[in-house]
Amino acid sequence: MTNSLELANDGPSAPPRANGELIFDAPWQSRAFGIAAALVEDGRLDWPQFQAALIETVPHHENYWDAWLVSLVDLTETNDLIAPSSLVLRTTELFERPAGHDHG
Amino acid sequence: MSSDHDHHDHGPHDHGPHDHGHSHAVDKNDPSLRVEAIESLLVEAGLVTSEKIDALVDRYQHDIGPMNGARVVAKAWTDPDYRARLLDDATAAIAELGYGGAQGEKMVAVENTDDVHNLVVCTLCSCYPWPVLGLPPSWYKSHEYRARAVREPRAVLKEFGTDVADETEIKIWDSSAEIRYLVLPQQPPGTDGLGEEELARLVGRDAMIGVRLAGVES
């Protein structure tokens with residue numbers, strides 16, 4: 001049996017939906033969602049803990065998925081899945097990589 | 001998880017340092033950069049695979065679409081008065097829960113019983129009660145389903161793993177631009193003690209189209 005995300009229907013931890021479908025405004029949002037879902041499913045993150053983090057962070061963000069990302073960063077670090085220093089380093093590397101796509 | 005070293009060289013989300021496929025973020029605090037960094041670190045650590053993330057996004061996007069309809073069904077199972085209102089005027093009963101069509105289509109709920117099994121199809125195109133069921137599955141729009149649901153419904157149901165007793169009548173409901181049908185499936189046996197939220201999880205999209213029974217995994 002795998003763990004699934006019992007997404008709330010209402011309240012601060014409930015994701016934005018239209019006609020029951022999850023709404024993502026940008027690809028990174030669905031990616032951040034999928035990463036958390038995968039970690040929860042494999043038991044590497046605890047969904048109640050993630051939901052508690054959402055309830056805490058959502059009121060401080062304009063966008064629901066910004067709060068989701070903050071919670072994801074926070075919990076992958078506190079659960080020792082990602083070292084804070086390596087996240088900063090990798091983000092910098094990705095930022096500084098050659099653009100590549102516009103040299104034509 | 002069996003993949004160890006084979007995740008660096010394939011897939012649409014290969015985030016190596018020389019990956020030129022991505023647009024160059026203008027801001028170091030761009031959330032897309034951070035998400036990409038998280039994913040690449042987790043993949044390298046063998047904690048997730050990009051394929052699994054793809055699959056989960058897909059699954060949640062498509063499976064929770066029918067949640068509104070599932071809540072309607074669960075309420076009808078637990079509240080006899082609501083059930084009566086739903087069968088009498090589904091548009092109004094569904095609106096009670098805050099759901100409704102922007103185009104104002106009339107909703108009709110059809111009740112499965114021991115004697116009758118209902119199946120919804122749209123023979124003309126792909127009319128579908130999306131405010132309660134989300135986006136239609138691709139097979140619903142197929143010519144094959146549209147033709148065969150009417151011609152040989154029992155065979156179609158069997159292909160979905162749904163056996164309907166020979167003495168049970170199968171009624172076909174042809175959705176149109178004006179009327180959209182929602183099947184009210186029978187409550188699975190042994191679930192009387194469950195609350196609405198738990199019951200709603202037993203109600204899949206396919207059960208509300210009528211190709212499966214409630215409580216049966218699709």
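Quick note: the coordinates plus some simple rules give every number you see, no bench work behind them. The model shown is predicted, which means the values in this text are computed figures rather than measured ones. Because the Cβ atoms are built from the backbone with ideal geometry, glycine has one as well, and the counts that use them run over all protein chains shown.
A few remarks follow.
- For B:Ala214, distant residues with modelled amide H under 5 Å away: B:Gln186
- Centre separation in Å (Cα based) which lies between region B:38-93 and region B:146-175: 25 Å
- Summed side-chain charge close to B:Thr123 - residues other than B:Thr123 whose Cβ falls under 15 Å, Lys, Arg +1, Asp, Glu -1: +2
- Less than 5 angstrom separates the built amide H of B:Trp173 from those of B:Leu119, B:Val120, B:Val121, all sequence-distant by 5 or more or on a different chain.
- Residues of type lysines that B:Lys171 reaches as a straight line, Cα spacing below 30 Å, ignoring anything fewer than 8 places off in the same chain: B:Lys75, B:Lys106, B:Lys141, B:Lys158
- In sequence order, region B:33-40 has phi-based couplings of 5, 5, 5, 5, 5, 4, 4, 5 Hz under the Karplus curve 6.51 cos²θ - 1.76 cosθ + 1.60, θ = phi - 60°, and Gly or Pro positions carry x.
- B:Glu198 paired with B:Glu178, simple spin-label distance in nm, labels 7 Å along Cα-to-beta-carbon: 4.3 nm
- In region B:166-218, a dipole from Cβ-located charges (positive for Lys and Arg, negative for Asp and Glu) runs towards its positive end, and of B:Gly190, B:Gly210, B:Ser175 it is B:Ser175 whose Cα lies farthest in that direction.
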